[in-house]
Amino acid sequence: MPSFLRAVWFRNATLYAVLFLAVASLAGVLAYRNVESGLQHAVIDAVAVDQGAMMAEFEVGGLPALTEAVTERLAETSGVERFYALETSRTPALSGNIAFMPASSVFEGSVMPTAQNGGTTALPIHAIGSTVEFAGGRLFVGRNVTALDTTLGILRESFVLASALLFLAALALGVALGLHSERRIRAMAVDMRRVVESGMKDRMTSSRRSDEYERLADDINIMLDRLHGLMEGIRHVTTNIAHDLRTPLSRLRQNLEGLQSASAFGGRRNAALAKCVSEVDSVNNTFEALLRIAEIEDGSRRKAFRATDLSILAVELEELYADFAGSAGLKLTGDFEYGVRVWGDRDLLLQMGANLIENAIRHASAGGVIRIELKTSGRQAIVSVSDAGPGIPPAEHDKVFRRLYKGEASRGGAGQGLGLSLVAAIADLHFAKVKLLDNNPGLWVEIVLPLYSGSENGEP
Amino acid sequence: MKILLIEDDPQTCDYVCKGLMQKGHVVDAAKDGVEGWELVSTREYDVAIVDRMLPGMDGLQLIRELRRSGSPVRILMLTAMGRTDDRVEGLTSGADDYLTKPFAFAELMARINALSRRSGDEAKPLILTLADLQLDTSMHSVRRGDLEIKLHSREYQLLAYFLRNIGRTVTRPMLLERVWDISFDPKTNVVETHVSRLRAKVDGPFRIKLIHTVRGIGYRMSLDA
């Protein structure tokens with residue numbers, strides 16, 4: 001089977017053309033029937049008028065008058081345009097210009113003209129007429145309709161021709177449009193292959209026409225951006241995991257080799273072992289945090305959501321960290337609105353707050369103030385943690401949420417580069433937004449959560 | 001204590017068994033759920049340590065069966081699955097405590113000790129005492145000798161937890177779970193700060209110190225250092 005027979009464009013074009021033909025044929029048949037019946041009725045009406053006049057003469061003058069009327073009309077009739085037949089019980093039984101008396105009262109069919117009346121032909125002629133009965137006989141009046149038949153024949157041919165033209169036009173148009181779509185789609189397919197070959201770096205080309213193909217290409221580009229972002233993220237995380245693990249693993253190896261050499265014993269041996277354990281713990285912590293983020297990102301914890309009072313959590317966090325911040329030479333102050341409820345997971349919201357506060361404590365300069373605030377605005381709860389530390393340069397704002405990302409300022413520091421990723425994942429789970437703002441100086445982190453709407457059995 | 005360990009990984013099993021025996025406990029070990037079930041349903045144990053993923057009979061299923069049969073044994077569940085859902089599932093199925101692999105042996109030991117203690121919890125004393133320190137749970141008051149000590153509510157809960165575990169080592173994660181209801185591990189020394197504040201109030205002015213640091217593990221409340 002040729003490949004174009006399977007193509008959507010070809011099947012559609014054929015289907016449309018056939019449908020077009022069906023509709024055109026139906027319309028043609030209806031129009032033809034209308035014209036045909038109109039013309040036939042005109043003949044029937046003329047016959048009825050003629051017959052009515054003759055019967056009026058019969059009413060007045062009886063059978064002789066009717067016979068005369070028939071004779072008169074036969075004399076006026078040239079050739080075989082009109083047909084008259086009078087049948088009476090007297091002789092001759094049948095007078096007129098046809099050989100047989102049609103039986104039905106309304107007649108449509110062939111009549112046989114009699115030879116004596118201009119009898120040039122003995123062929124039957126298509127006629128329409130009507131027979132009436134009166135006391136003592138029957139009268140038939142008819143008209144030759146072969147001219148009408150010719151007209152209708154021309155009309156039929158015209159309709160068939162028009163339908164055929166329409167079919168061909170529809171088919172041609174369908175094929176043209178289909179081929180056009182096919183060309184655009186093939187071009188897009190070529191584009192996509194190019195994008196795949198470029199490792200998702202290239203983008204679909206713009207055709208400058210703002211049609212649906214263009215919009216599709218735009219949407220594909222948006223999807224590609226997201227895909228590329230995710231792929232970059234994975235590549236980034238993989239590289240960073242490898243990099244982050246190399247340091248503790250190589251230290252672990254050094255310590256173990258030191259122990260293997262047997263020169264270590266007693267206190268030194270114990271110290272080396274303790275170092276090994278702490279390196280293993282550090283590796284384990286990184287993995288645990290990564291797993292936790294993955295667990296949060298898969299969204300299944302939303303099932304355990306319930307109405308949670310953020311104000312209580314804020315108080316708990318302030319209480320938990322106030323002294324610790326104090327011992328680091330910092331001041332932790334809280335300003336909370338009461339009874340602020342959201343739909344969420346207490347443990348995770350607590351951890352989100354703890355991460356933000358620990359970040360602030362870790363980065364704030366001594367003597368600084370860390371402010372925790374909780375307020376509402378419209379249908380939203382706004383949690384903010386601000387410090388007066390070095391802050392995060394705006395250029396890094398997007399990157400700090402990436403897994404294992406360490407900003408220039410904290411490179412080589414104690415952080416795992418997972419704290420803010422976890423915050424972002426928890427916020428995302430709660431349909432919340434994280435904003436990083438400048439505290440002049442320092443960092444101002446704002447989490448905007450939808451307020452709990454009050455229905456106990458569903459999400460807000 | 002008589003302890004049953006149901007663990008399919010031979011290395012972990014060996015390590016935990018040896019450690020528990022060194023601490024003077026009697027230990028039986030089972031390699032799978034079926035063997036574990038036979039042992040626990042025919043002999044009496046104080047504590048059963050059950051790995052969550054077991055061949056034969058799943059750890060979770062084994063715990064449910066045990067609880068259905070009315071067994072009073074204290075159960076500590078071990079798992080490599082650290083998801084919070086798993087933890088909740090383990091605890092609701094009837095486990096008394098839950099520990100994620102990899103764990104420090106000291107952490108396991110501390111939790112087993114706390115578990116064995118809890119079996120006697122039925123008769124909770126109203127007044128918890130150690131030497132001249134008294135905590136009255138009905139009055140919510142704390143005295144040492146003749147001196148009344150004013151504590152914040154969290155300090156009070158912390159002290160009550162210490163007093164319920166006199167002589168036993170309690171770890172940082174245990175304190176976070178039981179006193180603050182926090183299941184994640186803050187990377188900072190918040191617990192240390194709170195304990196030192198409590199110490200300042202309870203031990204500070206007195207010659208005999210009652211709250212002791214167990215290096216690298218946690219704390220122990222006792223009369224002797």
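What the table below lists for this structure:
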{"read-out": "Output for the stretch B:141-155, where each listed residue is away from chain A (no Cβ under 14 Å) and among the small types (Gly, Ala, Ser)", "value": "B:Ser141, B:Gly145"}
{"read-out": "Sole residue being buried (at least 19 other Cβ atoms within 10 Å of the Cβ), over 22 Å from A:Phe431 (Cβ atoms) and away from chain B (no Cβ under 13 Å), chosen from A:Ile357, A:Ile392, A:Ile372, A:Ile361", "value": "A:Ile392"}
{"read-out": "Filter result (in a strand (DSSP E or B) and out of contact with any helix residue (DSSP H, G or I) (no Cβ under 6 Å at 6 or more places or on another chain)) within the stretch A:135-159", "value": "A:Gly137, A:Arg138, A:Leu139, A:Phe140, A:Gly142, A:Asn144"}
{"read-out": "Selection within the stretch B:61-73 - in contact with a strand residue (DSSP E or B) (Cβ under 8 Å, 6 or more places away or on another chain) and outside any loop (DSSP other than H, G, I, E, B)", "value": "B:Leu62, B:Ile63, B:Leu66"}
{"read-out": "Some residue of the stretch B:183-200 being hydrophobic (A, V, I, L, M, F, W, C), touching a Gly at 6+ places or on another chain (Cβ under 8 Å) and part of a helix (DSSP H, G or I)", "value": "no"}
{"read-out": "Where B:Ser138 falls short, out of the listed (1) more than 14 Å from chain A (Cβ to nearest Cβ); (2) closer than 20 Å to B:Asp96 by Cβ; (3) in a loop (DSSP other than H, G, I, E, B)", "value": "(2)"}
{"read-out": "Unique match (being of a type in the set (A, V, I, L, M), surrounded by 14 or more Cβ atoms within 10 Å (Cβ to Cβ) and closer than 30 Å to A:Arg215 by Cβ) among A:Val175, A:Val196", "value": "A:Val175"}
{"read-out": "Unique residue being away from chain A (no Cβ under 14 Å), buried (at least 18 other Cβ atoms within 10 Å of the Cβ) and under 20 Å from the mean Cα position of the chain (by Cα) when the list is B:Arg74, B:Arg87", "value": "B:Arg74"}
{"read-out": "Condition met for A:Met101 (part of a loop (DSSP other than H, G, I, E, B), within 60 Å of the chain's Cα centre (by Cα), at pLDDT below 90 and of a type outside the set (D, E, K, R))", "value": "no"}
{"read-out": "Any pair with Cβ under 8 angstrom, 6 or more apart, that starts in the stretch B:175-203 at a residue that is farther than 21 Å from A:Asp347 by Cβ and ends at one that is crowded, with 17+ Cβ neighbours inside 10 Å and among the hydroxyl-bearing types (Ser, Thr, Tyr)", "value": "B:Val195/B:Tyr219"}
{"read-out": "Criterion: among the β-branched types (Val, Ile, Thr) and within 48 Å of the chain's Cα centre (by Cα) - qualifying residue of A:Thr333, A:Thr376", "value": "A:Thr376"}
{"read-out": "Checklist (1) more than 17 Å from the chain's Cα centre (by Cα); (2) under 23 Å from A:Ala354 (Cβ atoms) applied to B:Ile208, failing item", "value": "(2)"}
{"read-out": "Among residues of the stretch A:291-312, those that are out of contact with any strand residue (DSSP E or B) (no Cβ under 7 Å at 6 or more places or on another chain), more than 11 Å from every other protein chain (Cβ to nearest Cβ), among the hydrophobic types (A, V, I, L, M, F, W, C) and touching a residue at least 24 places away in the same chain (Cβ under 8 Å), counted", "value": "1"}
{"read-out": "Check on A:Glu337, under 18 Å from A:Pro450 (Cβ atoms) and surrounded by 14 or more Cβ atoms within 10 Å (Cβ to Cβ)", "value": "yes"}
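The values are calculated or read from the model by the stated rules, or taken from the named source; none is laboratory data. Bear in mind the structure is a predicted one, so any value in this text is a computation, not a measurement. With ideal geometry, Cβ positions are generated from the backbone for all residues, glycine too; neighbour counts draw on all protein chains shown.
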